Amino acid sequence: MGGTAWVTLATNDSYALGALVVANSLKRVNTVHDLAILITPGVTLAMKNELLRVFNFVKEVDVFDSRDETNLRLLARPDLGITFTKIHAWRLTQYSKCVFLDADVLIVQNCDELFDREELSAAPDAGWPDCFNSGVFVFKPSDSTYNALVDFALVNGSFDGGDQGLLNLYFSNWSTADSSKRLPFVYNMCSTSTYSYLPALKQFGSKVKIIHFIGSSKPWLQHFDSSTRIITSGDSHLTNFLQLWWDVFVVHVHPTLTTEMSVQRLS
Ligand code: UDP
Ligand code: MN
């Protein structure tokens, strides 16, 4: 007990590539906190070995594992599968505090100070700012919170079908209770800001600490020219962030990947 860790999640090899970039982007800015990842059986063994190289702790979870007593109640709700995979993060009780990061974020500047915040701290969602975005949040692992979240979800479900809807209902006073739990948007700058508020992105973009590539156009799905090492597609206002994502990938992730896991296979 007592350690601190960044926690991410991958249920397949594509998201695991994102997770490897997340981890290396944290190392690039010299984080002092551990790196932990939750994976499911959808991640290949070869990829798991890559993750073991970079992460301090790799935890395999299977929400539909009927040998796991706590999970038995979930078997009736297969629709909530990925949602529950994320809330498994509360079971990492060897840590006293964690920050969850989606696998589609990129750390641009050191933000170790997030660990000074309390559960549940998160940044507003760009689409509905009275809700928090669940791609970046500070939490405290606890078996009792995990159980309470499971109980809550079985009764209330999730209004958006995902973890964000569930977590916003459970931590329902986030927007009104304690302003220190409302993280500045620069800790979870959603890529949709390029069209929702471009002047603000131009004004404050250099202050961004974490960029979150929400939606379907993930960085690993963009066209990257491997000879010039330049990113040639995607939203032009995000070019610098996408280029940084690919620079981290090319320098730190790609060289250690085994050949059968080359990036071509994923495009
Ligand atoms: N995720 C995953 N496999 C999936 C979908 C999601 O591992 O098939 C994990 C991954 O960590 C991802 C997070 O769940 O970052 C949330 O999904 P996503 O980032 O795609 O949602 P968005 O942020 O675009 O709403
Ligand atoms: Mn995301």
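Here are a few things to note about the model shown:
- Sites residue 44 and residue 256 - FRET efficiency at Förster radius 22 Å, r taken between beta-carbons, to 0.05: 0.90
- The chain shape via C-alpha gyration tensor axes, a/c threshold 1.5: oblate
- Checking every one of the chymotrypsin sites (Phe, Trp or Tyr not before Pro) in the range 140-187 against DSSP loop status and a limit of 12 other Cβ atoms within 10 Å picks out 159.
- Highest average first, the peptides 44-52, 88-96 ordered by how many other beta carbon atoms sit within 10 Å of their residues are 88-96, 44-52.
- Secondary-structure-derived ellipticity at 222 nm for the chain, considering helices only, amounts to -8500 deg cm²/dmol, per-run term -39500 (n - 2.57) for DSSP H runs with n ≥ 4.
- Distant-in-sequence amide contacts of residue 8, defined by a placed amide H-H separation under 5 Å and a gap of 5 or more residues or a different chain, comprise 36, 37, 38, 101.
- Entries in 48/181; 181/218; 140/181; 140/207 that, when Cα-Cα distance is taken, lie over 23 Å: 48/181; 181/218; 140/207
- Among 210-219, 233-242, 131-140, the order from most to least packed when residues are scored by Cβ within 10 Å on average: 131-140, 210-219, 233-242
- The range 1-66: C-alpha gyration tensor shape, a/c 1.5 cut-off, then a/b vs b/c: oblate
The numbers here are math on the coordinates, done by the rules we state, and not lab data. On a predicted model such as this, the values are computed, not experimentally measured, just so you know. When we count neighbours, we look across all protein chains shown, and the Cβ atoms used for this are built from the backbone with ideal geometry, even at glycine.
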